[in-house]
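The structure appears right after this line, and notes come after that.
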Amino acid sequence: MKKLLLTVIFGLAVSTFLFAQVKPNNSQMEGKKTEKSRGVDANIVAGKTANSANHKSSVVQPPNKGAEQSRGGYCMVLFVNWTDYYIDCYVNGYYEGYMSPWGEASMTVSGGNTKLYGVAEFDDGSRLTWGPDTKYCYNQEWTCDLF
């Protein structure tokens, strides 16, 4: 009887670890308003660039679009815009696209530490920024809500 009870308890403990799921990374960022500035934003490494055969994006090809699974993993990043502003999206300091008001933008990046940053620029020269927010992600989705 003791052996049976110990076997059942051990089996439940092992199955709990085997079937545990990785929780998705979620974050919410409030915008911070800044006045006109001629200075350089330390959170931006490179702005928008034209497509070029010599320049590669930091966005990686996901496995569901034909890429082989890498040993380093990947992370699906989803920006969600809860404002009525056009927001430029930066991943690890590099411009990766923009979101329209109330829209969403998604991209696949290499796994590891990933820094997200958003910027809405206004016609008077002021800016609204979100982040930077850095998290470690590996083979999971990270949803970042911008308010």
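Only the coordinates and a few stated rules stand behind these numbers; no lab work does. All values reported here derive from a predicted model rather than from experimental measurement. Ideal geometry is used to build each Cβ from the backbone, glycine not excepted, and the neighbour counts take in all protein chains shown.
Tabulated data for the structure shown
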item	result
Difference of contour (0.36 nm per residue) and Cα-Cα distance, residue 34 to residue 126	32.5 nm
Residues of segment 118-147 with amide N under 15 Å of a point placed 7 Å along Cα→Cβ from residue 82	130-131, 143-147
